[in-house]
Amino acid sequence: MSQLRTTFAMANWLPVLAGLLFGGLMLLAGPPALIMGVVGLMVAVAVLARPERGFLLFCLIAPFVPWTTVTIGIRMTVSEALLALTWVGVVLQRLMGRMPPVEHGPTERAMLRLMAWSIVPLVAGQLMVHEEGNGPVNWLRWLLNISTLFLVPLLTPTPALRQRMMDCLVIGFSAMLALSLGVFIKSHDARAMIPVLSSLHYAHPEALLDIFTAMADRMASPWVHPNSTGGALLLAVPLAMFYGITQKGWRRALCLFVALGGSAGIVFSGSRGALLCLAALVIWLAYRRVPLAGRALVIGALLSATMLVAYPPARERLMSLTQGSQDASTSVRFDEYRNFHRAVERYPLGMGFKIETPATGSGLFGISNLWLNYWYKLGLPGMLLFMALTRAWWREVRLTGDLSRMDGSMALRVGSVGAMLAALLTGFIDHYFSFTQVLISFFWLTMAISLQASRPLPQVIAPGGQPKA
């Protein structure tokens, strides 16, 4: 009875507290802040009541504007704020007994071991790196981004929810491509994207200016760096292509736009690694006799050749691969490998999360390799744990048998596994799928989709204890 009276008392005070909050916003910041506060509160309540709404919003917004920021005490990206709010909702629903337990497979257990080990390089980096930075906050952001591996099975246990997740991803990437290709067609100067991203509250406008000025002839996008753009599209294209095979109407049309527009975006962004790995994936799928893969190989080759002829900067970027060590970016990669031993000798337990690699003023190079970047940041045990994780994933999802017949589950499995293989292949020449915030959330989300498509769907239990139909 006393608990009931406490609950009623809190309910009576809630309108008063809300009135004081909104009144303060109106007086201090005016109507715009008041409107944003009301909208934010409504979104927060909706997500806390049903956490899958927050996850679906993340899948919709993050592909389009991954680094749009919002200030909630501290400045953070909207994408990460949605993930954090989703996890708060998950915890609340679990405390109220409304969230069924989810059993972790070998891949998730390997991830938990990697997360546990990351505490060691976090502490070591705080002591050994003498630079300004907030290691604990960056570590929490990394944990938040990789947590999409756990959110997919937790919040999309049914085919209907899985379809909503894929719809949101396809719509988000369609919006990103429409903006990026639209700006690129209107003006081949990447700097034309700066006012757009500034209006979307992107942080560090000086960094935007530096990147888009240095790479003015490469397609700009909300993912800012052309290599990050290529990495995001490398995940999006196979997912959309195979998801669209089994869809009809607007879903099929949007998937076709993401597949074709994303391929064009990879060419125009000048991401050589993403282009070569996408081509290698299509060749492998054609070899495995996956439906439409052979046709996609021929059409893709013709379209890529046409775009390379029509846009000389992209052709020059791709031809620079033949220059070997004479190419500037390739030369830097050789220098990184030659000097990598100095970095791991300086930080034997990993550099941690205080700053990004390489440490400023240390005289050290970074490393453009997915696995070696794990060694750089988390030490040799961290890299070995990541390798064990990818091995556990492959043992669960490897594509065996006849792939010539595609139903909905098999198509999504082939698309997500293919996207992961292409992403891992780029790891030999770039590192952006290791610790790049928000981009890595899609890497682990794609891995979770492939695991879910390779496992039998769990039986969802209704509140009354009976299986749902």
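So here's what we get for this one:
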read-out	value
Given (1) assigned to a helix (DSSP H, G or I); (2) under 22 Å from the mean Cα position of the chain (by Cα), index of the condition K354 fails	(1)
Residue tally, condition surrounded by fewer than 24 Cβ atoms within 10 Å (Cβ to Cβ) and assigned to a helix (DSSP H, G or I), over region 241-258	10
Test set (1) among the small types (G, A, S); (2) surrounded by 13 or more Cβ atoms within 10 Å (Cβ to Cβ); (3) at pLDDT 70 or above; (4) farther than 20 Å from Y243 by Cβ - S320 fails condition number	(3)
Lone unmet requirement of (1) within 27 Å of G265 (Cα to Cα); (2) modelled with pLDDT under 95; (3) in contact with a Ser or Thr (Cβ under 8 Å, 6 or more places away or on another chain) for M176	(2)
Of the criteria (1) surrounded by 15 or more Cβ atoms within 10 Å (Cβ to Cβ); (2) more than 28 Å from T400 (Cβ to Cβ), which one A274 fails	(2)
Region 125-157 - residue that is among the small types (G, A, S) and either part of a helix (DSSP H, G or I) or within 28 Å of A49 (Cβ to Cβ) (or both) and, of those, farthest from the chain's Cα centre (by Cα)	G125
Members of region 277-318 found to be touching a residue at least 40 places away in the same chain (Cβ under 8 Å) and among the aliphatic types (A, V, I, L, M), listed by number	L278, A280, L281, L285, V290, L292, A296, L303, M307, L308, A314, L318
Among residues of region 184-240, those that are more than 29 Å from L445 (Cβ to Cβ) and in a helix (DSSP H, G or I), counted	10
The lone exception for A160 - which of (1) free of Cβ contacts under 8 Å to residues at least 12 places away in the same chain; (2) part of a helix (DSSP H, G or I); (3) over 30 Å from W250 (Cα atoms) it fails	(3)
Verdict on S269 being of a type in the set (G, A, S), surrounded by 15 or more Cβ atoms within 10 Å (Cβ to Cβ) and at pLDDT 80 or above	yes
Some residue of region 220-243 being of a type outside the set (A, V, I, L, M), out of contact with any strand residue (DSSP E or B) (no Cβ under 7 Å at 6 or more places or on another chain) and more than 18 Å from L177 (Cβ to Cβ)	no
Any hit, region 190-212, residues being surrounded by 14 or more Cβ atoms within 10 Å (Cβ to Cβ) and within 26 Å of F428 (Cα to Cα)	yes
Positions within region 344-369 being in contact with a helix residue (DSSP H, G or I) (Cβ under 7 Å, 6 or more places away or on another chain) and either basic (K, R) or modelled with pLDDT of 95 or more (or both), in sequence order	K354
Count of residues meeting criterion [within 18 Å of L48 (Cβ to Cβ) and touching a Ser or Thr at 6+ places or on another chain (Cβ under 6 Å)] in region 59-116	1
Scan of region 98-116 for residues that are of a type in the set (A, V, I, L, M), touching a residue at least 60 places away in the same chain (Cβ under 8 Å) and more than 17 Å from V152 (Cβ to Cβ), ordered by number	L114
Residue that is farthest from L233 (Cα to Cα), among those in region 163-175 that are surrounded by fewer than 20 Cβ atoms within 10 Å (Cβ to Cβ), in contact (Cβ under 8 Å) with a residue 60 or more places away in the chain and of a type outside the set (D, E, K, R)	C168
Residues of region 388-399 satisfying the condition of being farther than 25 Å from S271 by Cα and either among the basic types (K, R) or in a helix (DSSP H, G or I) (or both)	A388, L389, R391, A392, W393, W394, R395, E396, V397, R398
From S409, S416, S404, S441, residue being within 28 Å of Y202 (Cβ to Cβ) and either polar (S, T, N, Q) or crowded, with 18+ Cβ neighbours inside 10 Å (or both)	S441
Region 363-394 - residue that is of a type in the set (G, A, S) and either closer than 18 Å to R109 by Cβ or buried (at least 17 other Cβ atoms within 10 Å of the Cβ) (or both) and, of those, farthest from the chain's Cα centre (by Cα)	G379
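The values are calculated or read from the model by the stated rules, or taken from the named source; none is laboratory data. Quick caveat: nothing in here was measured; it's all calculated off a predicted structure. Glycine also receives a Cβ, built like all others from the backbone with ideal geometry; neighbour counts cover every protein chain displayed.
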